[in-house]
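These notes concern the structure reproduced below.
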Amino acid sequence: MPGPRARSRPSPPSRLARLSRLVALVLRHRPEEVGLSLDAGGYADLEALAAALAAQPGWEMLSANDLTALAAADPRRYEVRDGRIRARYGHTVRLEAPGEPTLPPEWLYIGMDRAELPVVRTSGLRPSGRQLVHLSATPLVAQEVARRRAADVVIVVVFARRAAEAGLEFRRAAAGLYLAARVPVEFLQMPD
């Protein structure tokens, strides 16, 4: 008779996944903790970041080439330009110019926990814990992102083009990812 099923332990994250988390932490939230400062667009000097991270235990062999490879492996999350690197979105540190100003598509989408809807119905979309509201180009991506932190996910449609024509600024952070400071209720379509 078989015994109880043994629970399998999740495999430890790969070195690249661990590096990505570390770089995101530094570039999005805590650059000062490793002695860095970001420019207005959220960029840090690639060599300076590599040196700062190589000073951390377990990362002594890290190089600027490793960071360039990380950005190439995840271009939606990181960007390298002119010897500098940045996280494209998700900042809690204040940036003057995150993303590129753009005319958004007709519709954008955001996924959220159903329990958040009452607040959104009265206040619209506002950043929660981040500098800007993060919007997706497709409902599927919005749903995938929301499922990381909510079980009962609903999708809210943003009439982005109409909002932009009314004067709201949208920024493109990466392919399929847009940022806005806020989105008033009149530009939202919410589920019942």
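No lab work stands behind these numbers, since they all come straight from the coordinates. A quick note: this is a predicted structure, and the numbers were derived from the prediction, not measured. Glycine also receives a Cβ, built like all others from the backbone with ideal geometry; neighbour counts cover every protein chain displayed.
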Quiz item: How much mean residue ellipticity at 222 nm does the chain get from its helices, if each DSSP H run of length 4 or more adds -39500 (n - 2.57) and you divide by all residues, to the nearest 500 deg cm²/dmol?
Solution: -7000 deg cm²/dmol
Exercise. Please report, in debye to the nearest 20, how large the charge dipole of the chain is about its Cα centre when each Lys and Arg carries +1 at its beta carbon and each Asp and Glu carries -1 there.
Key: 720
Exercise. Starting from the exponent 0.38 and prefactor 2.2 Å, build the expected Rg for the stretch 49-147 from its residue count and divide its actual Cα Rg by it.
Key: 1.36
Quiz item: How big, on average over all directions, is the shadow cast by the Cα convex hull of the chain, in nm²?
Solution: 14.8
Exercise. Work out the charge dipole of the chain with +1 on the Cβ of Lys and Arg and -1 on the Cβ of Asp and Glu about the Cα centre, then indicate which of P75, P139, L27 is farthest towards its positive end.
Key: P139
Quiz prompt | Projected area averaged over orientations for the stretch 112-175, convex hull of C-alpha atoms, nm² | solution = 4.8
Self-check item: Cα-based Rg and Dmax for the stretch 11-57, where Dmax is the largest Cα-Cα distance (Å)
Solution: 11.1, 38
